[in-house]
Amino acid sequence: MADTMQFDLVSPERKLTSVQAREVRIPGADGDLTAMPGHAPMITTLRPGILTVISAEGSTEYAVTGGFAEITGDSVSVLAERGLPTTEMTQEVYTSMVVEAKRHHESAREEAGEEAVEAAAKLLADMVAMGTHIGLDPHQASL
Amino acid sequence: MPSLKDLKNRIGSVKSTRKITKAMQMVAAAKLRRAQEAAEAARPYAERMNAVVAGLASSVAGSEGAPRLLAGTGADKVHLLVVMTSERGLCGGFNTVIVRLARAKINELLAAGKTVKIITVGKKGREQLKRDYGQYVVGHVDLSEVKRIGYDNAQGIARDILARFNANEFDVATIFYNRFQSVISQIPTAQQVIPAVFDGGAEASSLYDYEPSEEGILADLLPRSVATQIFTALLENAASEQGARMSAMDNATRNAGDMINKLTIVYNRSRQAAITTELIEIISGAEAL
């Protein structure tokens, strides 16, 4: 079996990366998972979090929000609504993302049902966790 | 017969018009390249998204738990038309062809006794549609401040449409835009986005494990798919607009050139005629002595 697989990270606006990877850690909606070559085919939605790609050149981390990952035995494609390398993730960008999540949470509380509020709250919590991981301060985002 | 001075002024003004159209053509060419690159870059995402959603949809379709975005409301009464045009003019028939297609659809729907609601994207389409169908226009999206169309813009439009759908404001949504074929040909296209339709055979999706469930993923992806389709349409439209403007300005530049040639001939002829008249006057004057 090949020991690498094709990995693509695509955002709506452009293709972010396309490399041969040994291992990809994906923040799935139901929990993190690691895809390696020969993984059973699956499709999972993403929660906001850190996606780690380990290739021959080392490992790269990306912050991704929203979207899904398609895993087949020899390739992984991640379609993220927003994705950027953690090194390019600034406090400014992060703050705006948290503000948006907060606003979403607020509006869900006002209009939608309990389920939507829970989903929005989870989204916000995931967002905060992601920021803490990179070392950014989620509390700068005041509504 | 205009005087020599008039003709000279006329030639001068056509010359400066030609300079302007020439400049606009070159600007459009540069913008077209950028717009095409953006459309190109967005393609992988849209294609994969479409393939996955189509695969999921075909396996979920018909079952009880199919999301409303896929199954529809069960009615076919109220149609929402999202008409995407440009913010600026001077791009030939670009806006007119979209509006003509939308207009045909509106008339067809009205004749069939359906209710029509219109959302316009871009100033030019609103101006044209407001005249005849002002009472149906329910919303307008202004993109005149937007320099480069981003996914955020599409998401904003999609959010608006989805909110209206969830509030049961319409049953079927269709977007109208120009698909970019080449610089000289843009194809006005109507595409139904809600309920979702997929053409072509979807790949067998039983291959995959799904996490969470198929329905869960589909419920998450369908709204994104709507946004993606709108984003693609916006990008195609932007590229088409620049293409249309480029060829319109190319035509204008050529026409201005032809006009300058014609005017120059008229100018030279009348100058010649004036000289001849003067000569005849001098000669006859000399002969009379």
- prompt: List pairs: first in segment B:168-185 and in contact (Cβ under 8 Å) with a residue 12 or more places away in the chain, second basic (Lys, Arg), Cβ under 6 Å, 6+ apart or cross-chain?
  reply: B:Phe170/B:Lys117; B:Asp171/B:Lys77
- prompt: Across segment A:14-50, what is the number of residues that are charged (D, E, K, R) and either crowded, with 21+ Cβ neighbours inside 10 Å or touching a Ser or Thr at 6+ places or on another chain (Cβ under 8 Å) (or both)?
  reply: 5
query: Which strands (runs of 3 or more DSSP E) does segment B:133-230 wholly contain that include 3 or more residues that are at pLDDT below 85?
result: B:209-211
- line: Within segment A:20-71, the residues that are hydroxyl-bearing (Ser, Thr, Tyr) and at pLDDT below 85 are A:Thr65
task: Could you tell me which numbered condition A:Val98 fails, if it satisfies all but one of (1) within 13 Å of chain B (Cβ to nearest Cβ); (2) under 25 Å from A:Leu136 (Cα atoms)?
output: (1)
- prompt: What number goes with the only condition from (1) β-branched (Val, Ile, Thr); (2) under 18 Å from B:Pro212 (Cβ atoms); (3) at pLDDT below 90 that A:Thr17 does not pass?
  reply: (2)
query: If you go through segment A:68-90 one residue at a time, how many are small (Gly, Ala, Ser) and either within 11 Å of the chain's Cα centre (by Cα) or away from every other protein chain (no Cβ under 12 Å) (or both)?
result: 3
statement: Counting only residues that are of a type in the set (Asp, Glu) and within 14 Å of chain A (Cβ to nearest Cβ), segment B:127-154 contains a total of 1
- prompt: Among the residues of segment B:127-137, which ones are surrounded by 15 or more Cβ atoms within 10 Å (Cβ to Cβ) and over 16 Å from the mean Cα position of the chain (by Cα)?
  reply: B:Lys130, B:Tyr133, B:Tyr136, B:Val137
task: Determine, yes or no, whether B:Lys124 is in the same structural domain as B:Tyr177 (by TED's automatic domain parsing), crowded, with 17+ Cβ neighbours inside 10 Å and without any contact (Cβ under 8 Å) to a residue 40 or more places away in the chain.
output: yes
task: Counting only residues that are away from chain B (no Cβ under 14 Å) and either in contact (Cβ under 8 Å) with a residue 24 or more places away in the chain or in contact with a strand residue (DSSP E or B) (Cβ under 9 Å, 6 or more places away or on another chain) (or both), give me the strands (runs of 3 or more DSSP E) lying completely in segment A:1-67 with at least 1 of them.
output: A:5-10, A:15-28, A:49-55
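The values are calculated or read from the model by the stated rules, or taken from the named source; none is laboratory data. Predicted, not measured: the structure shown is a model, and the values here were computed from it. Note that we place each Cβ from the backbone using ideal geometry, even for glycine, and neighbour counts take in every protein chain shown.
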